[in-house]
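This report refers to the structure that appears directly beneath it.
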Amino acid sequence: MKKIILTGICAFALSTTFAFVPQALTSASSKLVVVDDPMDLNQYIGKYKFEGLPFEYLTITLINGKLHANTGAEEGDLIPLPEADTFDASGRAILKFKRDTDKKVNGMTLDADGSSFEGKKEA
């Protein structure tokens, strides 16, 4: 029963993750964004496989110079956060990309509504 309730909560949270993208007004000098290689957002692009969520894959693409996430049902831009390799998905989830020993992106952690889910980047 707990699993059904948790799955329902996650489904609701993630179904609304990309439904609304708030507009933020900040000056360029007031926000410092750190990524491992700020010039290359291509390193995050890929298909990430998850288990225990209403969707099996989260696909990250680059559209108009911004990272874009798509679950198949919902999609939206990712907003970089000050912590390296970390992005906000419309205030509904936080995506933290993981790296291997060669510093290549090989997965991500999706945090939503107090739960964490691990996704593995597919080749």
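Other residues with beta-carbon under 12 Å from the beta-carbon of G76 carry, at +1 per Lys or Arg and -1 per Asp or Glu, a net charge of -2. Give, as a single signed number, the net charge of other residues whose beta carbon lies under 10 Å from the beta carbon of I94, with Lys and Arg counted +1 and Asp and Glu -1. Within the 10 Å Cβ shell, the charges total -1.
Rule-based calculations on the coordinates, nothing more; no lab input. Just so you know, these numbers come straight off a predicted model, no measurement behind them. Positions of Cβ are backbone-derived with ideal geometry, glycine not excepted, and every protein chain shown enters the neighbour counts.
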